[in-house]
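Only one structure is covered here, and it is reproduced in the block below.
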Amino acid sequence: MYSSVIIPTYNKSFYLDLTLSGLSKQSMKDFEVIIINDGSTDNTESIVKRYEHQLEIKYLVQENGGRSKAKNLGMENAGGEILIFCDDDRIPVINFVSNHVDHIEHNKNSVSVGLKEAILSRYTNSIKTFYIDPSINLIECFADFFRRNQELLHQIGKEKAIDLISAEKLQLDLNYYLNKYRLYTCIENFLEVVEYFGTQLNKFPMNWMLATTGNLALHKLNCNSISFDENYQGWGIEDNDFAYQLKNAGFDFYFNTNAINFHQEHPRNTRIDRAQGEENIQRFFNKYRTNDIKLYERFFNGEYTLHELIELSMK
């Protein structure tokens, strides 16, 4: 079944290069890549051109209008029956596309939620570990990383940036470099939910909260009336809203442990991200004043642990 991989991008050419390199190594070849350039000012276009003979690419350009507008444009131009969302800073494993497609082919009313890992593709002194689980010992995490990559120790602090992975290296051995520079499993997977309910998430009333469009697939046929809310601007929450719409439209949710991509940890303007995120999450809470959203709001604000949220959602 033909699929469309939708990638909105904004000024992340280094990371996008690695994402496209990973897609060019996929075991399944029957897919197109839709890249939506959301007003980038870097060399995104030249990076995309490198892959014109390796991937079937639709390259769309818009003035900077935000993630929701870019994703909607990608959906409108998708020729595939299956839509696969992948962020511009996520490197897919070799069977990323095939594992999403395999599930959706047999479950057309299901959302395939992929597993999200973290990787260090470029080291800088201003790196931000954004998706890390608070239960993970960050010091031990990086100690383990440098035990696996001792050759980097003498470079730390001497250079502004060290490129650890290149597109050429991924072409040679994708799996080796993904494993070599892996950091941890991202907190946004909510693995405690998967441990509680299993990969079939139908029994969890708030299953939509696991579904973010950094790694997500669904059948196009059943979502023609669903789109990303373009009132969300800047960082975050537009995909939570999209997933909640899918839930209300009757979609099931499945946690696809084999459809893996790796988020490339990178420097961030955390002050701006946090301000945009707070504005967007409040918009989300105000938009849907249902009981499950009220419960999620209290979890988001730290009133409940994830385990408590699971228990309360079942009552």
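For the reader, a short list of remarks on this structure follows.
- Per-residue SASA remark: V97, around 0 Å² accessible (1.4 Å probe; ligands, DNA and RNA not included).
- Out-of-range pairs (alpha-carbon distance over 24 Å; input K180/K220; K49/K160; K12/K220; K12/K116): K180/K220; K49/K160; K12/K220
- Helix-only CD estimate at 222 nm, as mean residue ellipticity for the chain, using -39500 (n - 2.57) per DSSP H run (n ≥ 4): -11000 deg cm²/dmol
- Apportionment of accessible area to carbon and sulfur, the chain, percent (1.4 Å): 48
- DSSP H segments from the chain that extend 27 Å or more along their own axis, Cα-based, with Kyte-Doolittle mean of 1.0 or above: none
- Average silhouette area of segment 176-236, convex hull of alpha-carbon atoms, in square nanometres: 6.9
- For segment 162-223 and segment 65-93, distance of Cα centres in Å: 15
- A simple count of charges around Y288, restricted to other residues whose Cβ falls under 13 Å of its Cβ and scoring Lys, Arg +1 and Asp, Glu -1, yields +1.
- Here the Karplus relation 6.51 cos²θ - 1.76 cosθ + 1.60, evaluated at θ = phi - 60°, turns the backbone of segment 230-237 into coupling constants of 7, 6, 7, 10, x, 7, x, 6 Hz, with x for every Gly and Pro.
- Residue-count net charge about D229 - beta-carbon cut-off 15 Å; Lys, Arg +1, Asp, Glu -1: +1
- Between the amide H of I6 and those of I34, I84, F85, C86, distances stay under 5 Å, these residues lying 5 or more places away or on another chain, with hydrogens modeled in the peptide plane.
- Estimated vicinal HN-Hα couplings, Hz - segment 164-173 in sequence order (Karplus 6.51, -1.76, 1.60; Gly, Pro = x): 8, 10, 10, 4, 5, 5, 5, 5, 6, 7
- Residues of segment 141-216: accessible area per residue with a 1.4 Å probe, Å²: 48
- Partners for K203 among aspartates and glutamates (Cα-Cα distance below 15 Å; same-chain residues under 8 apart left out): E192, E195, D252, D292, E311
- The dipole here belongs to the chain: it is taken about the Cα centre, uses +1 on the Cβ of Lys and Arg and -1 on the Cβ of Asp and Glu, and is about 220 debye.
- One quarter of the convex hull surface built on the alpha carbon atoms of segment 1-140 amounts to 9.8 nm², the projected area averaged over directions.
- Within segment 152-218, trypsin sites (Lys or Arg not before Pro) in DSSP loop having at most 11 other beta-carbon neighbours inside 10 Å: K158, K160, K203
- GluC sites (Glu not before Pro), loop per DSSP, at most 14 other Cβ atoms within 10 Å - longest free stretch of the chain: 160-302
- The percentage of C-alpha pairs in the chain whose separation is greater than 33 Å is 22%.
- Spatially proximal lysines relative to K294 (Cα-Cα < 17 Å; intrachain offsets below 8 disregarded): K247, K315
The values are calculated or read from the model by the stated rules, or taken from the named source; none is laboratory data. In this text the structure is predicted, and so the values were computed from the model without any measurement. Counting neighbours? That spans all protein chains shown, and the Cβs are built from the backbone with ideal geometry, glycine included. Note: accessible area is taken over every heavy atom of the protein model, side chains too, but ligands, DNA and RNA are not part of it. Shrake-Rupley method; radii C 1.70, N 1.55, O 1.52, S 1.80 Å.
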